[in-house]
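Structure first, commentary second.
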């Protein structure tokens, strides 16, 4: 993450100004998320397609059968908004609150998918990661935290 503040409150939403390094890293997220496969073949898919009813696997499967397509469409729309915002952020762009929430969802989706592929389930798993992998997870969490801070400021 750069030294500048990437997210600032704006009367119309959230001002996003990213430096070249942030743009380069964030612009890879939609492509990375497009590689998420299917359960049970891809741990990222398993992390993103969690059971809805913990005590009723059959009801969870039913929910995913009916709602999975809608959720996929929503995720694609979030990623599209994310890409447009990242592209426009070099000179500064203002995200609406809805776009900021979509941006946040994409960051979270990427963090969860990456952690799943790196086999991070508990703190000890995180601690065994090499520095680049840990840095990638920390970067995503840091960006999420900064955006959440702006979104939660009245």
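Please note which helices (runs of 4 or more DSSP H) are completely contained in region 69-154 and include at least 2 residues that are touching a residue at least 24 places away in the same chain (Cβ under 8 Å) and in contact with a strand residue (DSSP E or B) (Cβ under 6 Å, 6 or more places away or on another chain).
On the way: elements: 97-117, 123-127, 131-151.
In region 69-154, 97-117, 131-151 are the helices (runs of 4 or more DSSP H) which contain 2 or more residues that are touching a residue at least 24 places away in the same chain (Cβ under 8 Å) and in contact with a strand residue (DSSP E or B) (Cβ under 6 Å, 6 or more places away or on another chain).
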Note on residue 18: of the conditions (1) in contact with a helix residue (DSSP H, G or I) (Cβ under 9 Å, 6 or more places away or on another chain); (2) assigned to a loop (DSSP other than H, G, I, E, B); (3) over 21 Å from residue 84 (Cβ atoms), unmet is (3)
Just checking, how many residues over region 1-14 are over 12 Å from residue 146 (Cα atoms) and either modelled with pLDDT of 95 or more or in contact with a strand residue (DSSP E or B) (Cβ under 7 Å, 6 or more places away or on another chain) (or both)?
-> 4
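Among 128, 134, which is more than 27 Å from residue 17 (Cβ to Cβ) and more than 11 Å from the chain's Cα centre (by Cα)?
Working: 134 fails: more than 27 Å from residue 17 (Cβ to Cβ).
None of the other options fit; the residue is 128.
The values are calculated or read from the model by the stated rules, or taken from the named source; none is laboratory data. Remember, predicted model here, so these are calculated numbers, not experimental data. Quick reminder, even Gly has a Cβ in these numbers, built from the backbone with ideal geometry, and neighbours come from all protein chains shown.
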